[in-house]
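Inspection log for the structure reproduced underneath, given as structure tokens.
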Amino acid sequence: MSTIAHERFEAVIGLEVHAQLLTNSKAFAPVAPIYGEAPNTMVTPLCLGHPGTLPVVNENLVRYIIKMGLATNCSVAEKSIFARKNYFYPDLPKGYQISQFDTPICFDGYLDIELEEYNKRIGLTRIHMEEDAGKSIHDQDPYNTLVDLNRAGTPLIEIVSEPDLRTPQEAYAYLTKIKQIVQYLEICDGNMEEGSLRCDANVSVRPRGREKFGTRTELKNMNSFRNVEKAIEFEIYRQIELIESGGEVVQQTRLWDTSKNQTRIMRSKEEAHDYRYFPEPDLPPIIVTTELLDEIKEELPELADVRQKRFAEEYGMSEVDAVTITEDRYLADFFEEVAEAANNPKAASNLVLSDVLRVLNEQSINIKEFNVSPARLAELIKLKEEDKINSSAMQTIFDAMLDNEKSAEELAKEMNLIQVSDTGFLEELVDEIIANNPDEVERFKAGKKQLMGFFVGQAMKASKGKANPKMVTQMVAKKLN
Amino acid sequence: MIPNTIQDARAQILAGNLKLTDLVEHYYTNIDASNEEINAFVYLNKEDALKQAQEIQKKADAGNHGPLMGAVMGIKDVICENGKPTTCASEMLGDFHSVYDATVIERLKAADAIIVGRVNMDEFAMGSTNEYSRYGAARNPHDTTKVTGGSSGGSAAAVAANMANTTLGSDTGGSIRQPASYCGVVGIKPTYGRVSRFGLVAFASSFDSIGPLAHSVEDAAAVLQAIAGFDERDNTSAQLEVPDFVAAAQNPKKDIKIGVPEEFFGEGLDEGVKAIVEANIKKLEENGAEIVPIHLPHTKYGLATYYILATAEASSNLARFDGIRYGHRADKNAVLDELKAEEAEIKARLKAASDEEKPKIETELEKLDSALTRLYKKSRTEGFGPEVKRRIMLGTYVLSAGYYDAYYGKAQRVRRLIQNDFKEAFKQVDVIVSPTAPTTAFDIGSEINDPLQMYLNDAYTISANLAGICGISVPAGTHENGLPVGIQFLGDVFQEEKIINAGRLVELLR
């Protein structure tokens, strides 16, 4: 994007995020939404749209969406109704999707996003419930489109932001925040690559200083956080170019093409569906009582912002460390488990922030896929704390634990890394080093105390890393002072 | 002599004078004799029925039979039965078999009712004559040149012609009561939410009710008793205790308050029908009932309101019949050939066109259906009959952007006014009385080309569905034209005992 464009135009962005809920069963059918099962095996007559079937509201769906609403400072409607969104498509078995239209269950909320240079409050227009459609697969059969209805009827919530976002970076930060919240609430796994979190973006540009919004386009098919950022960036650039070259932005839906890194037209406004929304007659209104609301408030877990502050206070963590460790709820949980088991939060945070995070990054996995348990890591910390191993051995053992079921102590013994703290052996070693290095001894005595490192190094070398460096230091100091 | 009612049949079975298998055989004999002419049954399952009869007979002999032992039933082809065809009398579902039992079927089976087969109806329960059926019209047993009424025409005719002692129908705007009236049988439309709709193929979800048709009020009450009650598979079913309907039929109170709404006795009502209904009211009064003139001022908006709301829901409910997963699908090659031919034709015109004409023709080319869209259109055009298409189009129109408020929104508000009319009325009276239909059964073919005239047949029944209240039609006498006339009682929500009570009084006074 040229600097000139930046100076003259600003973007207006609103996001619609769909989060697939981790309820035990589908939104309106008593069957578990299990992903990765053979196509069309997780279905009931209802999911197939058989005549005579009726939807039944999954109670968890209502609880989950209220949790999300409360966590994002929304008002919760005492009464809200379901609506049918009508359109024909082969992966939509009933010919309509059960959704909410003019009475969303949660509305008028906000959340705060953090960017490097500033923080910003983003308004939430609404959060509503709906069911997912099935999946159309266009690339497996050369002549036919295949339809898998396992996903049909899975519960979704749609979170609609106000057009408060101004840059792709803000959009990215907003999405990250949404992901963090749904994960903390344990209502969605937040995985965008697998489609459990999906995002559409409404993008327009306007000359700086103008209040009126420009014509917007809707972007779809962005299946990662980075793609959302890239697609919005591309679209802003495209719209500015268009206007600068005398053209006009046309209201349309555009698809992000990952392979070409560009957006392309999917349908124009004229082709837009008339969804003929009307109240779903098969489902009574959702009534949220004060009792239910209070009950759900009680169930709300500690969210990232609060947890971050607590970590800083309780464990003396730096703000940066606290932010990093609480970014992912499960990482923070993991850390707390290690800290508690080891009874040493400092060592636990060091280990998690440096070693564990390094492995997660290297292997591109998340903490749930990390195969060393907090208990085993706590044991490793204890070994070090008890001076049975030194720092470099700790590192070696940690790496060995990654593909090994053995305990830290077993590994230390096997790899011969248990520190020698035997006074007799160490005295002999220290005496030998003193005898062999008269020059250094003289200079040390003359005040060059930095040479301590040299003596300890010699001891480590001679003991093949097993000497207890603390004891060696003490002995050298005693003998030469 | 084999008795016509469940009640009598069951007494004879328990007395050892009749075997259940013989009762079932009797009905199949009647079906064999009359069905070709009446066209009530569209599917029979004799082997199963006889096997069931043997098993239930054993239970009866041991004294541990269910409450509907002796019920030999036909099921309207719109209610799902596992493994059996459920066609809704539509080409769209011509070869469709349901894969599960509706809640009402489960409950009938649990109560030891025997199902002999499935009965005719108007396609997807849309119609008032049973003429819109893939199986052809059912015929009125009292005069086979006349319609049965509809949409539960087969249900009413089967009972009237003694092909079954009871049947299930469905009532969205009068579809149980009106054919019951035309065929001279009893029909109950329960309160919305009293009977689970799970397994009833939806026409208009906020109007549809399943109910019984029978020879007597007590039989109808017994069947209703068996199928009523909360069902967790239907979120609109009511979590209420079910009162003893059979007791209400057996010991009717005489001193009931009956409201007579002026609006139901006005223009359009046949004089003969009116006279019979009024004679019945008079007898009820002489017998101890208090007659109270009442008003239901919004009645005149009922038909219009109904045909907006019910068709809106229908247009959405019938969207699932798209030929993708089941049901009729147009021939794929025919679709592709058709599109290819159209494309060639437009291109040829484009070639010959002047520059001026070209843009318009190019737009035509652009707007040509995708193969998928054309497949939908063709499958649905071929699969649905004329009345169903008419209602889908009407419903689609009233829900369209820009029209919603003027039609659907307004109709919803009027629906509430009609509900309030009844709420007010039931503060004063136990039941409301009226003719069930403005006329007796008319000639087959006489109204099929005049949908508006046909819709008027539902004028007295439709408001019960709009208000969600219950209604019963009971035979009230014979018109001078020789055809049966029905009298209707409407009751407040979940007050079926009261309409059963009133219906039974009419029976006793006949």
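Where a number appears in this text, it was derived from the coordinates with a stated rule and is not lab data. Values in this document were obtained by computation on a predicted structure and should not be read as measured data. All Cβ positions, glycine included, derive from the backbone under ideal geometry; neighbour counts span all protein chains shown.
Contact order, relative form, for region A:327-414: 26 percent (alpha carbon pairs under 8 Å, 6 or more residues apart, mean separation divided by residue count). Measuring from each cysteine beta-carbon in the protein assembly as shown, the ones with no other cysteine beta-carbon under 4.7 angstrom are A:47, A:188, A:199, B:80, B:88, B:183, B:470. For chain B, the mean residue ellipticity at 222 nm estimated from helices alone is -13500 deg cm²/dmol, where every DSSP H run of n ≥ 4 contributes -39500 (n - 2.57) and the total is divided by all residues, rounded to the nearest 500. A crude spin-label estimate for the pair residue A:407 and residue A:226, with each label 7 Å from Cα along the Cβ direction, gives 4.2 nm. Backbone geometry of region B:363-375 corresponds, through the Karplus equation with coefficients 6.51, -1.76 and 1.60 at θ = phi - 60°, to 3J(HN,Hα) couplings of 4, 4, 5, 4, 7, 4, 4, 6, 4, 5, 4, 5, 4 Hz, x marking Gly and Pro. The mean sequence distance of close C-alpha pairs (under 8 Å, at least 6 residues apart), as a share of the length of region B:322-383, puts its relative contact order at 56 percent.
If you take all other residues with their beta carbon under 11 Å from the beta carbon of residue A:390, and give Lys and Arg +1 and Asp and Glu -1, the sum is +3. In chain A, the calculated helix contribution to ellipticity at 222 nm averages -12000 deg cm²/dmol per residue, counting -39,500 (n - 2.57) for every DSSP H run with n ≥ 4. Take each residue in B:313-321, count the other chain C-beta atoms within 10 Å of its C-beta, and the mean is 6. The residue B:22 and residue A:146 beta-carbon pair, evaluated with R₀ = 45 Å, returns a calculated FRET efficiency of approximately 0.25. When the charge dipole of chain A is built from unit charges on Cβ atoms (+1 for Lys and Arg, -1 for Asp and Glu) and taken about the Cα centre, the candidate among A:323, A:196, A:279 whose Cα reaches farthest toward its positive end is A:323. Magnitude of the charge dipole for the protein assembly as shown, about its Cα centre and with charges confined to Cβ atoms of Lys, Arg (+1) and Asp, Glu (-1), is about 540 debye.
Relative to the dominant Cα principal axis of chain B, helix B:386-399 is inclined by about 80°. Its Cα gyration tensor gives region B:322-383 an equivalent ellipsoid. The semi-axes, each the square root of 5 times an eigenvalue, are 30, 10, 7 Å from largest down. For the segment A:275-287, counting C-beta atoms of other chains within 10 Å of every residue's C-beta and taking the mean gives 5. Any idea what angle helix A:290-299 forms with the longest principal axis of chain A, computed on alpha-carbon atoms, 0 to 90 degrees, nearest 10? On a 0 to 90 degree scale, this one is about 30. Inter-part distance, region A:204-283 to region A:104-175, computed on C-alpha centroids, equals 14 Å. Karplus-derived 3J(HN,Hα) values for region A:380-391, using 6.51 cos²θ - 1.76 cosθ + 1.60 with θ = phi - 60°, are 4, 4, 5, 4, 5, 4, 7, 6, 7, 9, 9, 4 Hz; glycine and proline are entered as x. Counting 0.36 nm for each residue step from residue A:313 to residue A:373 and taking away their Cα separation leaves a gain of 19.0 nm.
The separation of region A:355-415 from region B:1-62, counted between C-alpha centres, amounts to 78 Å. Only the Cβ atoms of Lys and Arg (+1) and of Asp and Glu (-1) were treated as charged; on that basis the dipole of region B:77-216 about its Cα centre amounts to roughly 320 debye. Computed from Cα atoms, the angle from the helix B:410-428 axis to the main principal axis of chain B rounds to 10 degrees. Working from Cα pairs under 8 Å separated by at least six residues, relative contact order for chain B is 18 percent. For chain A, excluding the exposed loop sites themselves (trypsin sites (Lys or Arg not before Pro), DSSP loop, at most 16 other Cβ atoms within 10 Å), the longest remaining stretch covers A:1-165. The residue among A:415, A:447, A:457 whose Cα reaches farthest toward the positive pole of the charge dipole of region A:403-481, with charges on the beta-carbon of Lys, Arg, Asp and Glu, is A:447. Taking Cβ atoms as reference points and 15 Å as the exclusive limit, the residues near residue B:378 contribute a net charge of -1, counting Lys and Arg as +1 and Asp and Glu as -1. Each Lys or Arg adds one and each Asp or Glu takes one away; over the other residues whose Cβ falls under 13 Å from the Cβ of residue A:431, this sums to -1.
Projecting label points 7 angstrom from Cα along Cα→Cβ for residue B:95 and residue A:354 puts them 7.2 nm apart.
Take chain A and mark each of the chymotrypsin sites (Phe, Trp or Tyr not before Pro) that is in a DSSP loop with at most 15 other Cβ atoms within 10 Å; the longest unmarked stretch, sites excluded, is A:214-481. Gyration tensor over the Cα atoms of region A:3-292: the corresponding equivalent ellipsoid has semi-axes (square roots of 5 times the eigenvalues, largest first) of 32, 23, 18 Å. This model, with +1 at the C-beta of Lys and Arg and -1 at the C-beta of Asp and Glu, gives region A:59-135 a dipole about its Cα centre of some 340 debye.
In a DSSP loop and with at most 11 other Cβ atoms within 10 Å, there are no chymotrypsin sites (Phe, Trp or Tyr not before Pro) in region B:161-206. What is the protein assembly as shown by shape, rounded, prolate or oblate, if you read a ≥ b ≥ c off the alpha carbon gyration tensor as root eigenvalues and call it rounded for a/c under 1.5, prolate for a/b larger than b/c, and oblate otherwise? Because a/c hits 1.5 or more and a/b exceeds b/c, the protein assembly as shown counts as prolate.
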